[in-house]
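To start, the structure under review is shown below, and the notes come after it.
The values are calculated or read from the model by the stated rules, or taken from the named source; none is laboratory data. Just so it is clear, the structure is predicted and the values come from calculations on it, not from any experiment. Cβ placement follows ideal geometry from the backbone for every residue including glycine, while neighbour counts extend to all protein chains displayed. SASA here: full protein model, heavy atoms, side chains in, ligands and nucleic acids out. Shrake-Rupley method; radii C 1.70, N 1.55, O 1.52, S 1.80 Å.
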Amino acid sequence: MSCAVKITGMPSIFFINEPPDDQEGLEIEDGAWVEVPMNVSLWPEGARRPEQVLCRSKQDPLYYKLFKYRNEIEDSDWAVTGMNFGGTFSRHSWRNFASRLGAIRALQAIPDDEVGV
């Protein structure tokens, strides 16, 4: 069964085809799934930059959809989550990603104003 995963301290929602084994620090939403349009990342020359807005259906809270542009959102049917789309994962690819979470969190902890050497 697919699920949506929120990681404590990260502003993203990830979608996995099976719930992860280690659920510590995770908020799991069983049965959730996401619709991702094929062209959501395409940015042809001269076109405006994609915005990628993650929304949740107001009729079915387990149904998410990624919109390429904010103006594509149908106000009556979708609610903006305010979260980033973290991607879709198989069980195996999630394990690989989760094994690097410590490093990802360490990078996120670096202040934006810190100057490199």
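Would you check which residues across the stretch 1-20 are assigned to a loop (DSSP other than H, G, I, E, B) and surrounded by fewer than 15 Cβ atoms within 10 Å (Cβ to Cβ) and list them? Those that are assigned to a loop (DSSP other than H, G, I, E, B) and surrounded by fewer than 15 Cβ atoms within 10 Å (Cβ to Cβ): 1, 8, 9, 11, 18. Looking across the stretch 92-117 at every residue that is under 17 Å from residue 10 (Cα atoms) and not in a helix (DSSP H, G or I), the one that is modelled with the highest pLDDT is identified as 100. For beta carbons closer than 6 Å, sequence separation of 6+ or different chains, a first residue in the stretch 86-98 that is small (Gly, Ala, Ser) and a second that is loosely packed, with under 15 Cβ neighbours inside 10 Å, the qualifying pairs are 86/12. Here is the figure for the stretch 91-101: residues that are farther than 20 Å from residue 54 by Cβ, surrounded by 11 or more Cβ atoms within 10 Å (Cβ to Cβ) and of a type in the set (Gly, Ala, Ser) total 1.
In the condition set (1) more than 16 Å from the chain's Cα centre (by Cα); (2) within 21 Å of residue 19 (Cα to Cα), residue 59 is compliant with all but (2). Which members of the stretch 21-75 meet the condition of being open to solvent by 100 Å² or more (accessible area, probe 1.4 Å), assigned to a loop (DSSP other than H, G, I, E, B), more than 29 Å from residue 92 (Cβ to Cβ) and of a type outside the set (A, V, I, L, M, F, W, C)? Across the stretch 21-75, the qualifying residues are 45, 48, 49, 58, 59, 75.
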